[in-house]
């Protein structure tokens with residue numbers, strides 16, 4: 001499910017079962033990320049698929065990338081592997097940073 005910045009922020013605050021997932025590259029992650037996010041780079045396709053298979057399917061996954069495109073793809077892949085609750089951050093980290101300034 002795609003959520004606006006506001007919806008995503010509000011939902012994650014009240015979700016005790018939330019798992020924050022950054023699907024950008026290590027370099028992007030090191031330049032800045034949302035606190036408590038776990039990095040799994042979607043561009044490392046085989047590693048990404050292996051990593052998401054080991055995730056707890058009962059968690060609610062809040063997924064973001066730089067602009068929202070890769071995270072949308074990640075949510076689809078996660079849904080295909082049995083993780084049913086995924087939330088894509090529309091606008092990605094770029095808009096998150098702007099809203100935080």
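The values are calculated or read from the model by the stated rules, or taken from the named source; none is laboratory data. Quick caveat: nothing in here was measured; it's all calculated off a predicted structure. Cβ coordinates were reconstructed from backbone atoms using ideal geometry, including for glycine residues, and neighbour counts include every protein chain displayed.
Scanning the stretch 36-60 for residues being assigned to a loop (DSSP other than H, G, I, E, B) and either in contact (Cβ under 8 Å) with a residue 12 or more places away in the chain or within 21 Å of residue 1 (Cβ to Cβ) (or both) gives a total of 11.
Is it the case that the stretch 7-22 has a residue that's within 12 Å of residue 74 (Cβ to Cβ) and touching a residue at least 24 places away in the same chain (Cβ under 8 Å)? Yes, because at least one residue in the stretch 7-22 is within 12 Å of residue 74 (Cβ to Cβ) and touching a residue at least 24 places away in the same chain (Cβ under 8 Å).
This table checks each residue for (1) under 17 Å from residue 83 (Cα atoms); (2) modelled with pLDDT of 95 or more; (3) under 13 Å from the mean Cα position of the chain (by Cα); (4) buried (at least 16 other Cβ atoms within 10 Å of the Cβ).
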site: 9; (1), (2), (3), (4): no, no, yes, no
site: 15; (1), (2), (3), (4): yes, yes, no, no
site: 18; (1), (2), (3), (4): yes, yes, yes, yes
site: 24; (1), (2), (3), (4): no, yes, yes, yes
site: 35; (1), (2), (3), (4): no, no, yes, no
site: 40; (1), (2), (3), (4): yes, yes, yes, yes
site: 44; (1), (2), (3), (4): no, yes, no, no
site: 48; (1), (2), (3), (4): yes, yes, yes, yes
site: 52; (1), (2), (3), (4): yes, yes, yes, yes
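Scanning the stretch 14-24 for residues being farther than 14 Å from residue 94 by Cα and in a loop (DSSP other than H, G, I, E, B) gives a total of 4. Pairs meeting the criteria (first residue in the stretch 64-90 and on the phi > 0 side of the Ramachandran plot, second residue part of a helix (DSSP H, G or I), beta carbons under 7 Å, at least 6 apart or on different chains) are 68/92.
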